[in-house]
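The values are calculated or read from the model by the stated rules, or taken from the named source; none is laboratory data. Fair warning: this is a prediction, and the values are worked out from it, not measured in the lab. Cβ placement follows ideal geometry from the backbone for every residue including glycine, while neighbour counts extend to all protein chains displayed. We work out accessible area using only protein heavy atoms, side chains counted, and drop any ligands, DNA or RNA first. Shrake-Rupley method; radii C 1.70, N 1.55, O 1.52, S 1.80 Å.
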Amino acid sequence: MTVDIDKTTGPSDTPPAGPEAIKAIPVRHYGRYVSAVVAIALLVGVVYAFSQGKINWDAIPDYFFDDRVLQGVGRTLLITVLSMVIGIVGGIMLAVMRLSKNPVTSAISWFYIWFFRGTPVLVQLVVWFNLGLVFEYINLGPFYKDEWSDFMTPFLTALLGLGLNEAAYMAEICRAGLLSVDEGQTEASHALGMSHAKTLRRIVIPQAMRVIVPPTGNEVINMLKTTSLVSVVQYSELFRVAQDIGQTSGAPAEMLFLAAAWYLLLTSVFSIGQYYLERYYARGSSRSLPDTPFQKIKANLLSLSNRPSAGGTA
C-alpha cells in the first residue's frame with residue numbers, strides 16, 4: 001500500500017509564538033508604610049507639643065543677630081579652629097612617636113594618649129583652671145614671669161584643655177592613617193635615598209590623608225559642640241553668652257533654642273566643607289568621583305525637563 005504525500009504542504013512559514021510576557025507584581029512592604037505613618041505621627045506630635053508650650057518663639061529672631069551673640073559665635077569658631085590646629089599638629093607628632101622604634105618616645109606617646117583619653121574633657125578644663133594651687137607662679141626666666149592666676153586666662157584654659165585633649169584622639173586617627181599605607185611605599189622611598197622625614201612628608205602622609213580626613217572632619221564638628229563646655233571656666237563663647245542673655249531678658253529657654261540653632265547652622269556649614277574635602281582626597285582611590293549635591297540637583301532637573309509629555313508620541 002502506498003501513501004501519497006502532498007509535497008506542497010510543509011511547516012508553517014510563521015515563526016512560533018514566544019513565551020508569554022511575565023507580568024511582574026511589585027511586593028508590597030506594609031511594614032514600611034506603617035513605620036512611615038508612625039514616624040510622621042510622632043514628628044507631628046512633638047511639633048504640636050512645642051508649639052503649645054509656654055515658649056516665646058518671637059524672642060529667638062529678636063536676639064539671633066544680636067551683637068553679643070555674634071561675638072559669642074566668633075569666639076566659638078576661634079577656639080574651635082585653634083584647638084583643632086593644636087590637636088592635629090600634636091596628633092601627628094604623637095602618632096609618629098607611637099610608631100617610632102625608640103621605646104622611650106613610644107612609651108611617652110602611649111601614656112599621653114592613655115591619660116587624656118581616659119579622663120573627661122570637663123575635668124581637664126577645671127584642672128587647668130585650678131593649677132594655681134600647684135604652681136603659684138610661672139617663670140620662664142628672662143622672658144616671662146607672672147602669677148598662675150593671671151597667666152591662665154579663660155581663653156588659654158579653653159585652648160589648652162580642648163587642644164591637648166583633642167591631640168590624644170587625633171593621634172589614634174593619624175596612626176591608623178599611617179598604618180594604612182603599604183610598607184612597600186616606605187621601602188621604595190628609602191631605596192631611592194629619601195630620608196625618613198622626607199618619606200613621611202612626601203610619600204606616606206599624602207596617601208594617608210584619604211583615611212585621616214573623614215574622621216578628622218567628624219572631630220572638627222564634635223569640637224565645635226564641645227566648646228560649650230568651656231563656659232565652666234568663664235569663657236564667653238556662644239553657650240555662655242546665650243545663658244547670660246537668657247538670665248537678663250527673662251527668656252532662658254528661648255536663648256538655649258537660639259544657641260542650638262546657631263550650632264546646627266555652623267555644623268551644617270562644616271559638614272559641607274567636610275564633604276568636598278573628602279571628595280578631593282578620594283580622587284586617587286576611585287575611578288570616578290561621586291556627584292556633588294549641586295550636580296545631583298542639576299541632573300534631576302535635566303531629567304525632568306527631557307521627559308516626554310503624556311500626549312507625545314513614542
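Just one of the listed residues (Val230, Val220, Val269) is among the β-branched types (Val, Ile, Thr), farther than 16 Å from Val69 by Cβ, assigned to a helix (DSSP H, G or I) and open to solvent by 70 Å² or more (accessible area, probe 1.4 Å), namely Val269. Would you check which residues across the range 244-263 are free of Cβ contacts under 8 Å to residues at least 40 places away in the same chain and either aliphatic (A, V, I, L, M) or open to solvent by less than 10 Å² (accessible area, probe 1.4 Å) (or both) and list them? Residues satisfying the conditions are Gly246, Leu256, Ala259, Ala260.
Among residues of the range 140-159 that are of a type in the set (Asp, Glu), those with a beta-carbon under 8 Å from a residue that is surrounded by 14 or more Cβ atoms within 10 Å (Cβ to Cβ) at least six positions away or on a different chain give the pairs Asp146/Ile138; Glu147/Gly132; Glu147/Ile138.
Screening the range 104-159 for residues that are among the charged types (D, E, K, R) and closer than 22 Å to Leu82 by Cβ and picking the one that is most open to solvent (accessible area, probe 1.4 Å) gives Arg117. Got at least one residue in the range 195-204 being in contact with a Lys or Arg (Cβ under 7 Å, 6 or more places away or on another chain) and not in a helix (DSSP H, G or I)? The answer is no, given that none of the residues of the range 195-204 is in contact with a Lys or Arg (Cβ under 7 Å, 6 or more places away or on another chain) and not in a helix (DSSP H, G or I). The one condition from (1) exposed (fewer than 13 other Cβ atoms within 10 Å of the Cβ); (2) under 25 Å from the mean Cα position of the chain (by Cα) that Pro61 does not meet is (2). Take the conditions (1) modelled with pLDDT of 90 or more; (2) touching a helix residue (DSSP H, G or I) at 6+ places or on another chain (Cβ under 8 Å); Ala59 misses just one of them, which is (1). Among helices (runs of 4 or more DSSP H) entirely within the range 78-178, having at least 1 residues that are touching a strand residue (DSSP E or B) at 6+ places or on another chain (Cβ under 7 Å) singles out 148-151.
Counting only residues that are part of a helix (DSSP H, G or I) and either of a type outside the set (S, T, N, Q) or on the phi > 0 side of the Ramachandran plot (or both), how many does the range 179-194 have?
Narrowing the range 179-194 to residues part of a helix (DSSP H, G or I): 179, 183-191.
Next cut, either of a type outside the set (S, T, N, Q) or on the phi > 0 side of the Ramachandran plot (or both) only: 179, 183-184, 187-188, 190-191.
The total comes to 7.
Pairing residues of the range 79-107 that are without any contact (Cβ under 8 Å) to a residue 24 or more places away in the chain with residues that are crowded, with 21+ Cβ neighbours inside 10 Å, at Cβ distances under 6 Å and at least 6 apart in sequence or on separate chains, gives Met97/Ser109.
Hey, does the range 90-98 have a residue that's open to solvent by 70 Å² or more (accessible area, probe 1.4 Å) and closer than 30 Å to Leu256 by Cα? Within the range 90-98, none of the residues are open to solvent by 70 Å² or more (accessible area, probe 1.4 Å) and closer than 30 Å to Leu256 by Cα. Only residues that are in a helix (DSSP H, G or I) and touching a residue at least 24 places away in the same chain (Cβ under 8 Å) were counted in the range 37-62, giving 2.
Within the range 65-77, the only residue that satisfies the criterion of being surrounded by 13 or more Cβ atoms within 10 Å (Cβ to Cβ) and outside any helix (DSSP H, G or I) is Asp66. Out of curiosity, is Ser305 among the small types (Gly, Ala, Ser), touching a helix residue (DSSP H, G or I) at 6+ places or on another chain (Cβ under 6 Å), open to solvent by 40 Å² or more (accessible area, probe 1.4 Å) and modelled with pLDDT under 70? No.
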